Each structure stands twice: as C-alpha cells, then as structure tokens.
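Just below is one structure, and these are the notes that go with it.
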Amino acid sequence: MTEFHDLAELALNRDGQSWGNLGHWQSATDYSDACRALATLLGEQAGLDHKSIVFDAGFGCGDQLLLWLEHFGVSQIYGVNLSHSQTAHAGNLLARNGRPVSAEAILQGDVNDPGIWTTALNGARPSHVMALDCAYHFPDRLAFWELAQRNLAPAGRMALTDFMLAEQHRTDGFRHRLLRWMLKSAHITETNIVHRDVYLDQLEKEGFGNISLVDISEHVMPAFTSGDGRGLRWSAWCKYAVTSRFLKWAYHRSVLRYCVVSATKADQSDNRN
C-alpha cells in the first residue's frame, strides 16, 4: 500500500541520516543539518533534560528520537507515528545505535486515537509531548492537544513546530483559494491552519498556559530546498519542488507563518506570553 508519508526523504539526507522536516536554515546549508537544527531548537524550547520523559507524536524515521536520547539525555521515550514504513525504520535505527525501545512504546498509529496513547505509555506520565513539524498534518489538531493535556504529567510541557495564518492574510480571494488547494494536496486539514490569536485562544481553551510562540518563518519557509533531486523518484522530486516554491510564495506574500510553540499544562490562573 502506498503511503503519503514514506521513506522518500532518505534520498535528501547524507548517508546514515533519515531526517524528514522542513529544517532550520539560519546557519545550515545541508538538508540533514537543517533538519537536525530544527529538532534541536524545539528540544531547547521544550527544556528537555535528563529528567524528561518524552512522548513524540510523529517521530518520522526516528532521527529525532536519537536526538532526544543522546543530545538531551532524556530518561525515557515513547511515541506514535502514522507511517508503517517510517515506524519500522525508526525501530531499526534505534536498535542499530544501541538504543532499542520496546515495540509497545514506539507504535504505528493515529495520534488522535486515545488508545494508542494508552498502549504506548502503559501508565507513564510524560513530562513532555513533542510534535516536530507534523501537528498540522494531524486529522484534528485540537483533539491532539486535548490528548496531550490529558496525558501530560502535572505542569508538563507540550512543544511543537507549526504553521498558522499570517496576521495580514484574509480568508477570501485568490491567495486563500490557492492555499486551500495546497492544503488539500498536502493532506492537511484546513481547520488546522488558523490565525495566531485563534491559535492562542484554542490552546488556552484546551487547558494550556505559559504559552510561548516564536516566529521562525524566515529561517524555514524561504530557505527550504530538496537540493538537486538526485536519488529521488520523479513523483517525490515534484512533491518537494512544489513544496519549496509554495513555501517561498506563502512567506513572501504573507499567507503563512511557521512557529515554535510551547505551552504548559496549566491552571486557569496561568497567563500566556
């Protein structure tokens, strides 16, 4: 069965790397380095350390799992990923690097399924829920936030990188029609892409506070590239070439913004930043 999220990104990486995100290109010129930089930035914003218990809601091919374990030294890791092929690759990657994780902790499945969280965590309460460059792909991001809030330990932290509408963008006219077409082509639920104020209000309503939202668009959207396409099958090359052009257009035309978001499971008394 053909998967929308598969192993195509392997061709974009250096040997031994299997990253699959948009990357943070402030100082990186290589796809693998840019992807690692974005993951590192997210881990830093989340405040990961040796005490952290991480649930990764969309771990791709597993490189970020190794980063959480080796660079940040987290104590335990769990996760769910939609792709069968990527999940199998992630398990093998961890094992090859001496970091085997039980098949019950790193699962293939839908992050909007409460049962997946129950099975993976097996009673554990994560201190951090992470979603690196994937939350906008979830069938229902609000349902994901609700599950994160429910499963996090008290004062636990959720951290993600995500798209939202630029403040200047109007939800009518040609630009929005083109955006809607691109979202459908990319298997992104349209209701996941909202303006900043709506995004913040939604987080608060789901029980999160101490919200930090950092716009990193300039180091992600206009810089994303899949290189010269060598090693990619034609369909994958077209996908990444179109993505690159669209992101440049959406950035320069003030249609979308890309942000690092972190928020704490909080009481109603918490305030957003």
**Fill in**
Sorted by chain and then number, the residues having a modelled amide H within less than 5 Å of the amide H of H195, at least 5 places away or on another chain, are L165
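Efficiency by 1/(1 + (r/R0)^6): what FRET value for H252 and H84, r their Cβ-Cβ distance, R0 = 41 Å, to the nearest 0.05?
Numbers: r = 37 Å, r/R0 = 0.90.
That gives a FRET efficiency of 0.65.
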**Asked** In terms of modelled amide H atoms, which long-range or inter-chain residues lie less than 5 Å from the amide H of I77?
**Response** V54
**Fill in**
Per the rule of 0.36 nm per residue minus the C-alpha distance, extending S27 to E218 adds in nm 67.6 nm
**Message:** Within the chain, which is the longest segment that contains none of the trypsin sites (Lys or Arg not before Pro) sitting in a DSSP loop with at most 16 other Cβ atoms within 10 Å?
**Reply:** 52-169
**Centroid-to-centroid separation of segment 113-129 and segment 175-199 [C-alpha atoms, Å]** = 29
**Asked** Out of Y251, G173, L82, whose Cα points farthest toward the positive end of the dipole of segment 8-263 (charges: +1 Lys, Arg; -1 Asp, Glu; placed on Cβ)?
**Response** G173
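Between D201 and R170, 0.36 nm times their residue separation minus their Cα-Cα distance comes to what?
Working: separation 31, 0.36 × 31 = 11.16 nm, distance 1.88 nm.
Residue separation times 0.36 nm, minus the Cα-Cα distance, leaves 9.3 nm.
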**Cα-only Debye scattering, segment 1-75: base-10 log of I(q)/I(0) at q = 0.12, 0.21, 0.22, 0.25 Å⁻¹** = -0.34, -0.94, -1.01, -1.19
**Long-range lysine pairs (8 or more apart or interchain), the chain, Cα under 26 Å** = 5
**Asked** Looking at [x] 143; [y] 196; [z] 123, which value of volume of the Cα convex hull per residue in Å³ comes from a calculation on the structure shown?
**Response** [z]
**Complete:** Rounded to the nearest 5, the percent of DSSP beta bridges in the chain running antiparallel is 50
**Asked** Contour minus end-to-end for D15 and D49, with contour as 0.36 nm per residue of separation and end-to-end as the Cα-Cα distance?
**Response** 9.4 nm
**Message:** Defining a contact as two alpha carbons under 8 Å apart and six or more residues distant in sequence, what relative contact order in percent does segment 8-263 show?
**Reply:** 20
**Message:** Using only DSSP helix segments of four residues or longer, with each worth -39500 (n - 2.57), what per-residue ellipticity at 222 nm results for the chain after dividing by its residue count and rounding to 500?
**Reply:** -11000 deg cm²/dmol
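Read the figures in this text as sums done on the coordinates, not as results from a lab. Just so it is clear, the model here is predicted, and its values are computed rather than measured. Glycine gets a Cβ as well: all are built from the backbone with ideal geometry, and neighbour counts include every protein chain shown.
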